[in-house]
């Protein structure tokens, strides 16, 4: 069973990612976090095959925690963990997302999220099928 850590402060996006993953991949264990502090605590105790991390996280101590810092910490604690960085603000990561293994663009409500690209990216990184 592959283990996935899903980090996003927006419940709607966590639900979307979880539903897409469960629809395609039956043998995944998915753990959710909403902020950097909880994520770092979990990473002290557990190892994941894949982390899906939102670029912009809102938590109580830092309004806009950059997901890039969390990507670096995930890779430092567990270099074998693959990381997908997700964001609705692609201009913020142009040329800066080298630490992540992949980048997926979130979309506004008027656009259509590329489910197949997301599923293919996950499968290519951790071979779930």
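Points to keep in mind about this one:
- When 80, 60, 109, 94 are checked against the criterion of being at pLDDT 80 or above, more than 14 Å from the chain's Cα centre (by Cα), assigned to a loop (DSSP other than H, G, I, E, B) and surrounded by fewer than 16 Cβ atoms within 10 Å (Cβ to Cβ), 80 stands alone in meeting it.
- Counted residues, the stretch 26-49 - those being surrounded by fewer than 18 Cβ atoms within 10 Å (Cβ to Cβ) and touching a residue at least 40 places away in the same chain (Cβ under 8 Å): 3
- Flag for residue 85 being modelled with pLDDT under 90 and within 12 Å of the chain's Cα centre (by Cα): no
- Flag for residue 126 being over 14 Å from residue 8 (Cα atoms), at pLDDT 85 or above and surrounded by 18 or more Cβ atoms within 10 Å (Cβ to Cβ): yes
- Any hit, the stretch 9-18, residues being in contact with a helix residue (DSSP H, G or I) (Cβ under 7 Å, 6 or more places away or on another chain), in contact (Cβ under 8 Å) with a residue 12 or more places away in the chain and crowded, with 16+ Cβ neighbours inside 10 Å: no
For every residue, the table says whether it meets (1) within 12 Å of the chain's Cα centre (by Cα); (2) in a loop (DSSP other than H, G, I, E, B).
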{"residue": "4", "(1), (2)": "yes, no"}
{"residue": "9", "(1), (2)": "yes, yes"}
{"residue": "12", "(1), (2)": "no, no"}
{"residue": "15", "(1), (2)": "no, no"}
{"residue": "19", "(1), (2)": "no, no"}
{"residue": "23", "(1), (2)": "no, no"}
{"residue": "26", "(1), (2)": "no, yes"}
{"residue": "40", "(1), (2)": "no, no"}
{"residue": "43", "(1), (2)": "no, no"}
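The values are calculated or read from the model by the stated rules, or taken from the named source; none is laboratory data. Everything numeric here is computed off the predicted structure, so don't read it as measured data. As a convention, Cβ positions derive from the backbone with ideal geometry for all residues, glycine included, and neighbour counts pool all protein chains shown.
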